[in-house]
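I have placed the structure first, in the form of structure tokens, so that the comments after it can refer back to it.
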Amino acid sequence: MLDSGETLVGRQRLRTRRALVFATVLVQSVIVTVGGVWLTSAVRGARVRPVIDHFAEHGVVSAERFARLADAGMGWPAVAWSITVGVILIGGLTILAGLALIRRYESRLERVNRGLEKEVQRRIAHSLDVRNALIFGLAKLADYRDTDTGRHLERIAAFSELLAAGLRGVHPWIDPRWVERLRLASSLHDIGKVGIPDSILLKPGALTPEERATMQQHSLIGADTLMCIRERLGPDEFIDMGIEVALQHHERWNGKGYPGGLRAEEIALSARIVALADFYDALTSVRVYKAARSHEETRAMILKERGQHFDPDVVDAFEGVHERFNTIRQSLVGGELDARPLMQELVAITSRAKAG
């Protein structure tokens, strides 16, 4: 086997072997094209066969396959020389060595690429964790402004999770990931209250029509805030559901809600669920303008609003778990406003979602 006859070393080796007659020359076809004159004079009369191109395409072959390729001629016509001294391979050593080196580094590159992909995924997941935690912190900021709704977001999250799980029989497409997403997105329902003046948000008496109109703007403010985030960061299931909840959780099944006057299934299911959860929590909690109602009184009001204010299926789901609502209400009442539990859970859930 010889290197390319186009190198000084290769030419010298060919000169030293001119006394020999090679029955077959296996050569990379590009050498025939580029250096055909020198090659022809060096191996005049031999059968020249471009099998190295086959190696480049199919990989290294067995010795038997190598012999068959040589005998077959790879489509090149044989020249009438009958003396069989041996087989000379021109340009082959460099090619075969290069192929082996390429395969070695391809394997290394694959390992490096896998490592880089994992690192990129880890950093993306971390960025999402930070982003979602900041968004939740903004929602908690709105909650802090109303000092009478301590742990409101935690209760809404727990109520929403119960209702969503209870609706799986009606909506089979609801899966655990959707339920978890709703649990987190529910905390964004009143995020727009950061834009409502304290004089209205904390007013102890009834609101005037003008003040009520201003208060109702919190749905639009919240949705617009989340849409700005979405426009900068791109589509995201958590943000998209948060927009639904913030914008539509005051819509009513009968079309008499706000801000859009949507009715029935025009309202996103996520918002229909949070609407009932928020209603229950609002009535059973102390506010600056009212005392808390009992669980049974609130339950009766919800059942009465079936098909009016609320989605009938959501009311049915509530009726199946109303005792657990009461337990949650009693266990998460008042106390210091602490965002850490839900924020920690948010980070854990988003990490699991990205890993899955």
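Bear in mind these aren't lab numbers, they're just calculated from the coordinates by the rules spelled out. Computed from a prediction, not measured in an experiment: that's the story for all the values here. Neighbour counts are summed over all protein chains in view; Cβ atoms, including those assigned to glycine, are modelled from backbone coordinates with ideal geometry.
I need 249, 322 ordered by Cβ neighbour count within 10 Å, fewest first.
322, 249
For segment 149-232, which chymotrypsin sites (Phe, Trp or Tyr not before Pro) pass both filters: DSSP loop (anything but H, G, I, E, B) and at most 12 other C-beta atoms within 10 Å?
173
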